[in-house]
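Report on the structure given below.
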Amino acid sequence: MRNAVAVAALENIQENGTYRVADFSSRGNPETDGDYVIGEKDIEVSAPGANIESTWLNNGYNTISGTSMATPHISGLAAKLWAANPSLTHTGLRAQLQAKAKAYDINGGHGASTGDDYASGYGFPRVK
């Protein structure tokens, strides 16, 4: 989908001085590495997605992993940014997510490298 933000899953394991993209995480298009342009099939940003405690069946909790655990982290950050600046357009909000991600590059895991890469995208956006 053209306007979707694809999110890679990170593990709480350090590799090459950063978190590591989980082996199970989706990967994007290796031919678009380093261009800082998000196209179809590109990973845009990364977030924690391994061993995440989440709500579960019958009012319980479970520790699970997946990009489905990473995406809510980015959704929450997007909601926080938009609440702080309700006049942001969707492209302005996306630009803020990308800028925050560039500040925390991911260099760990298969396909991750400095800058925009097909495994971790722009990096790991944080609230700061």
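A few notes on this one:
- If you plug the beta carbon distance of Ser54 and Ala79 into 1/(1 + (r/R0)^6) with R0 = 22 Å, you get a FRET efficiency near 0.80.
- Helix-only [θ]222 nm of the chain, DSSP H runs n ≥ 4, -39500 (n - 2.57) each, per residue, nearest 500: -8000 deg cm²/dmol
- For the chain, the number of Lys pairs separated by eight or more positions or lying on different chains, with C-alpha atoms closer than 14 Å, is 4.
- For region 1-111, the share of DSSP beta bridges that are antiparallel, to the nearest 5, is 65%.
- Three principal axis extents describe the C-alpha atoms of region 35-93; from largest down they are 39, 29, 14 Å.
- Highest average packing first - 75-83, 100-108, 38-46, Cβ atoms within 10 Å: 38-46, 100-108, 75-83
- According to the calculation over all Cα-Cα pairs in the chain, the P(r) per 10 Å bin from zero is 14, 45, 31, 9, 0 %.
- Per-residue packing, averaged as other Cβ atoms within 10 Å, sorts the ranges 120-126, 88-94 into the order 120-126, 88-94, beginning with the highest.
Laboratory data are not the source of any read-out in this text; all were calculated from the coordinates shown. Fair warning: this is a prediction, and the values are worked out from it, not measured in the lab. Glycine also receives a Cβ, built like all others from the backbone with ideal geometry; neighbour counts cover every protein chain displayed.
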